[in-house]
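To keep things clear, I will list the structure first and then write my remarks on it.
The values are calculated or read from the model by the stated rules, or taken from the named source; none is laboratory data. Values in this document were obtained by computation on a predicted structure and should not be read as measured data. Reconstructed Cβ throughout: ideal geometry from the backbone, glycine too, with neighbour counts over all protein chains shown.
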Amino acid sequence: MRIARVSVPGVEFPVYGVITGDKIELITGLPWPDISDPVAALNLADVKILAPVIPSKVVCVGKNYADHAKEMGGEVPSEPVIFIKPNTTVIGEGDYIVLPPQSVNVHHEAELAIVIGALAKNVEVDRADEVIFGYTCANDVTARDLQNSDGQWTRSKSFDTFCPLGPWIETDLDPQDLAISCSVNGELRQNGNTNDLVRSAREMVSWISHMMTLLPGDVILTGTPAGVSQIVNGDSVTVTIADIGTLTNPVIVR
Ligand code: MG
C-alpha cells in the first residue's frame, strides 16, 4: 500500500491516507500498527502531501555503498558508522531545502529510507520485516565543508530542512534491487541500486536495534551511492527510487 500524510483543506491537523491512483482514502489516527477503515475519499489533487512521518529520530548509515566511500576518499568501515539527524530537519515533497549561511558547499545524498512501524529492540535480521512499516525516498542533505572542518558530522547534517522525506511510504516493497537516482535540474548526478548496499536495510534495522530502541515512525537512512554533488540557490533536486516514486525539493537561500 501507498500511505501518505497529507493536509486537507479545512482540517487543522495532518491526516494519513491510502493512495490508489489519483484518489486518497483518509484514515483515522496513525497507520501503525494497523490501518483503520477509510473515513473519506478525496482526489489526491485536492490535498497537500506532507512529509510522510515526523520521526522521534532519524538514524543514518554512513559509507554504506563502496563507490561512495571511495569518492569520499575512504573505504567501507569494518563496522557500520551511524549518526543522527534531529527530527527538525524533516521536510516533505515540494518543500524548500534552505541553504544556511554557515556553509558554501551543500550536497545532495539520495537514500532509501526505512520507516519503522513497531517498537524495535534487539530485533534479529530474519525478523526485521516485522518492525519495518515501509520505505520512502530521502535526501541526506549535507554541508560537506562543515563535515570536513568539524571532524564530526552533527552540524553538517542537522540544519533545518536537511532531511527531505517522501512523497509517501510504500508498505509492500522488497528493498533489494531498487534503482536509486538523484538528478539536479533534470541532470542525472547519482545512479545506483540498493543491491550495492554493503549492509542491507534489514541488517541495519537489526544492528541499530541492538543499540537503541526504535520507535514507531522512526526513520533509518541507509546510505548514499556515488555521485554526490553541490546544490545551489535556485536548483531543483529530485530523488527517485523504483517502486516508490520521486521526491523533488527546490533549493533556496534565505
Ligand atoms: Mg548519507
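The condition of being touching a residue at least 12 places away in the same chain (Cβ under 8 Å) and over 17 Å from the mean Cα position of the chain (by Cα) holds for I35.
Being in contact with an Asp or Glu (Cβ under 8 Å, 6 or more places away or on another chain) and buried (at least 19 other Cβ atoms within 10 Å of the Cβ) is the filter here, so list the residues in region 191-203 that pass it. Hits for region 191-203 are G192, T194, R202. Kindly check whether there is at least one residue in region 204-226 that is closer than 30 Å to S236 by Cβ, in the same structural domain as I114 (by TED's automatic domain parsing), without any contact (Cβ under 8 Å) to a residue 60 or more places away in the chain and surrounded by fewer than 17 Cβ atoms within 10 Å (Cβ to Cβ). For region 204-226, residues closer than 30 Å to S236 by Cβ, in the same structural domain as I114 (by TED's automatic domain parsing), without any contact (Cβ under 8 Å) to a residue 60 or more places away in the chain and surrounded by fewer than 17 Cβ atoms within 10 Å (Cβ to Cβ): absent.
Taking the criterion of being of a type in the set (V, I, T) and either within 16 Å of the ligand (Cβ to nearest atom) or over 15 Å from the mean Cα position of the chain (by Cα) (or both), the residues of region 92-118 that qualify are I97, V98, V104, V106, I114.
Apart from one condition, A143 fits all of (1) in contact with a helix residue (DSSP H, G or I) (Cβ under 7 Å, 6 or more places away or on another chain); (2) within 23 Å of M1 (Cβ to Cβ); (3) small (G, A, S); the exception is (2).
Taking region 146-169 as the region of interest, how many residues are within 16 Å of the ligand (Cβ to nearest atom) and either surrounded by 14 or more Cβ atoms within 10 Å (Cβ to Cβ) or not in a loop (DSSP other than H, G, I, E, B) (or both)? The total comes to 16. Looking only at residues that are aliphatic (A, V, I, L, M) and touching a helix residue (DSSP H, G or I) at 6+ places or on another chain (Cβ under 7 Å) in region 22-65, which one is surrounded by the most Cβ atoms within 10 Å (Cβ to Cβ)? So, considering only residues that are aliphatic (A, V, I, L, M) and touching a helix residue (DSSP H, G or I) at 6+ places or on another chain (Cβ under 7 Å), the one surrounded by the most Cβ atoms within 10 Å (Cβ to Cβ) is I24. When you scan region 44-103, how many residues do you find that are modelled with pLDDT of 95 or more, under 19 Å from D145 (Cα atoms) and assigned to a helix (DSSP H, G or I)? Number of matching residues: 1.
Would you please name the residue that is farthest from the ligand (Cβ to nearest atom), looking only at residues in region 232-248 that are crowded, with 24+ Cβ neighbours inside 10 Å and closer than 28 Å to P101 by Cα? Looking at the filtered set, the residue picked out is L247.
With respect to Y96, is the statement that it is among the aromatic types (F, W, Y) and buried (at least 24 other Cβ atoms within 10 Å of the Cβ) true?
On the way: among the aromatic types (F, W, Y): yes; buried (at least 24 other Cβ atoms within 10 Å of the Cβ): no.
So Y96 fails the test.
Here L188 passes the criteria (1) outside any strand (DSSP E or B); (2) surrounded by fewer than 20 Cβ atoms within 10 Å (Cβ to Cβ) except the one numbered (1). For the structure I just gave you, tell me whether S229 is of a type in the set (S, T, Y) and either outside the structural domain of I91 (by TED's automatic domain parsing) or surrounded by 20 or more Cβ atoms within 10 Å (Cβ to Cβ) (or both). It is false that S229 is of a type in the set (S, T, Y) and either outside the structural domain of I91 (by TED's automatic domain parsing) or surrounded by 20 or more Cβ atoms within 10 Å (Cβ to Cβ) (or both). Scan region 58-81 and give yes if some residue there is closer than 26 Å to P250 by Cβ, basic (K, R) and in contact (Cβ under 8 Å) with a residue 24 or more places away in the chain, otherwise no. Within region 58-81, not a single residue is closer than 26 Å to P250 by Cβ, basic (K, R) and in contact (Cβ under 8 Å) with a residue 24 or more places away in the chain.
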